[in-house]
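**Student:** Pasting a structure below so you can have a look.
The values are calculated or read from the model by the stated rules, or taken from the named source; none is laboratory data. None of these values were measured; they are calculated from a predicted model. As a convention, Cβ positions derive from the backbone with ideal geometry for all residues, glycine included, and neighbour counts pool all protein chains shown. Surface areas here come from the heavy atoms of the whole protein model, side chains and all, with no ligands, DNA or RNA. Shrake-Rupley method; radii C 1.70, N 1.55, O 1.52, S 1.80 Å.
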Amino acid sequence: GGGGGGEEEGGVVSTATVNLVGLTSETSLKVSGDGVLQETSQLKTLDEKVSLAIAQGTKLLNAQGKALDSLSASEVTTPPEPPPQSAIVSAYDFGPEGAIFAPPLTFANTYDESLIPDGVAEDSLVMAMWDEATDKWVMLAGSTVDPENNTITVPVNHFTVFAVLTDTEPATLMVERPAAFVTRTLSITPAEVGVGERVTISALITNTGGLGDRYKVALRINNVVEDTQEITLAGGASEEVIFTIAKDVTGTYSVILDGLSGTFVVKGTADFGVSELAITPAEVATGEGVTIKALVTNRGDVAGSYKVTLRIDNEVAASAVVTLPGGASEEVIFTIAKDVAGSYAVAVDGLAGTFVVRTPPEPVKWWLPGGIIAAAIALVVLIWLAVIRRQRA
């Protein structure tokens, strides 16, 4: 089947089938759009010497943090040179390189017992991975040997070339074992950050050999070497290596540190802006309300909350908290009234304006001129009456 992502439609998760090259499985390997395996699967190489047990719910991602669309395996007939006093029992190349699994899958390798030198205990076998960034074999922590079934099992959380290694000399004849480095306890904190925020990636390096030596540790992000550190460890000693990085692009990033892998997520940030300040009316009487509006926009790509503050004459008059998804806008409305006449300065998050409050004119005393007119009329009437009386007399 072809690769690709799936989306939920009507409550059903669409899936894609992962192509298998050099691997077989009794069930098809189906993943969701974000790379989650839909059914527990058991994969085997064509020669059936290596099996991969992957639990349902495991995330299968490529080096860029996207859902895997294929898996491959092939035996390596001419692997890189093994460490001193060691021999390669078997080696397989698994791809795509940098593919990561969370949680780890179980890698089981059946070995040929006849390839182990006389006097070397089977339980001394170890699983190692080839690190191209440092050109060295890295011993994997957690190997378990089953001498009865001639298998070695180890949790694996990414793909590369894997090999079963054995000593070339019996342990009783080795006066001092060469340096052998094992990386354990990968830590990625925090697992989610914003754009430009720092992520700390650390691991514990242990020299399980008897001799001291230098060791180069490479940190890969999305299968590209991001940074390296070189440490010197005496036999049996351990040291923590710590890397700090930051990314300016959102997405899921794969981490590979000396055979251990994980991921971190860079999320976008909410980015708020305020525009379109409107003050209506621009002039009112004392005690009348003024409406002040502004448009709040989340220019980021994730939801967030923002506090909008209204200041009148540089004093906080009101505030409102707005919660918006990325790319959304909302109008904020304040209503305010002043009892003192004057010009008032308005400020809303960098936007400025004014409104004026005026004292209303004194009401006209209509009773006063009316009274005068009425008195004048009454006087005229009285005079007219007096004139009439005189005439009659």
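**Student:** Taking the Cα centre of each part, how many Å lie between the stretch 197-248 and the stretch 10-79?
**Tutor:** 29 Å
**Student:** Let me spell out the model: positive unit charges on the Cβ of Lys and Arg, negative unit charges on the Cβ of Asp and Glu, origin at the Cα centre of the chain. What dipole size does that give, in debye rounded to 20?
**Tutor:** Here the size comes out at about 3960 debye.
**Student:** Between (i) 166, 50, 27; (ii) 67, 58, 44; (iii) 69, 51, 33, which matches Cα extents along the principal axes in Å calculated for the structure shown?
**Tutor:** This structure yields the entry labelled (i).
**Student:** Where the only charges are on Cβ atoms (+1 Lys, Arg; -1 Asp, Glu), what is the dipole of the stretch 28-171 about its Cα centre, to the nearest 20 debye?
**Tutor:** 740 debye
**Student:** What relative contact order, as a whole-number percentage, does the stretch 111-246 give when Cα pairs under 8 Å and 6 or more residues apart are counted?
**Tutor:** With pairs under 8 Å counted, the relative contact order is 21 percent.
**Student:** Given the DSSP H assignment, sum -39500 (n - 2.57) over each helix run of at least 4 residues in the chain and divide by its residue total; what's the result at 222 nm in deg cm²/dmol, nearest 500?
**Tutor:** Counting only the DSSP helices, I get -2500 deg cm²/dmol.
**Student:** Among Met127, Met139, what's the order by accessible area (1.4 angstrom probe), most exposed first?
**Tutor:** Met139, Met127
**Student:** Still on this structure, please answer the following. Along Cα→Cβ, 7 Å out, is where each label goes; now give me the distance between the ones at Ile242 and Glu97 in nm to one decimal.
**Tutor:** Here the answer is 3.1 nm between the modelled labels.
**Student:** So, one more: With every protein chain kept in place and ligands, DNA and RNA left out, what is the accessible area per residue of the chain? Probe 1.4 Å, answer in Å².
**Tutor:** 53 Å²
**Student:** Turning to a different aspect of this structure: Less than 15 Å Cβ to Cβ from Thr185, Lys/Arg counted +1 and Asp/Glu -1: what total charge do the surrounding residues give?
**Tutor:** -2
**Student:** With springs only between Cα atoms under 10 Å apart, run a GNM on the chain and tell me which of Pro80, Pro281, Pro104 wobbles the most.
**Tutor:** Highest fluctuation among the options: Pro281.
**Student:** Next question. With contacts defined as alpha carbon pairs under 8 Å and 6 or more residues apart, what's the relative contact order of the chain in percent?
**Tutor:** Averaging sequence separation for qualifying contacts and normalising by length gives 10 percent for the chain.
**Student:** Using only Cα atoms, find the angle between the long axis of helix 367-392 and the longest principal axis of the chain, and express it within 0 to 90 degrees, rounded to the nearest 10.
**Tutor:** The angle comes out at about 20 degrees.
**Student:** Tell me which GluC sites (Glu not before Pro) from the stretch 43-111 have a DSSP coil assignment and no more than 14 other beta carbons within 10 Å of their own.
**Tutor:** Listed in order of number, the matching sites are Glu48.
**Student:** Which Cα, out of Val138, Val164, Val89, lies furthest along the positive dipole direction of the stretch 87-193 (beta carbon charges, K/R +1, D/E -1)?
**Tutor:** Val138
**Student:** If you rank Asp112, Asp248 by how much accessible surface each has, with a 1.4 Å probe, what is the order from largest down?
**Tutor:** From most accessible down to least: Asp248, Asp112.
**Student:** May I ask you to evaluate 6.51 cos²θ - 1.76 cosθ + 1.60, the Karplus curve with θ = phi - 60°, for each residue of the stretch 28-43 and list the ³J(HN,Hα) values in order in whole Hz, giving x for glycine and proline?
**Tutor:** Values per residue, Gly and Pro as x: 6, 8, 10, 10, 7, x, 9, x, 7, 5, 8, 8, 4, 9, 10, 9 Hz.
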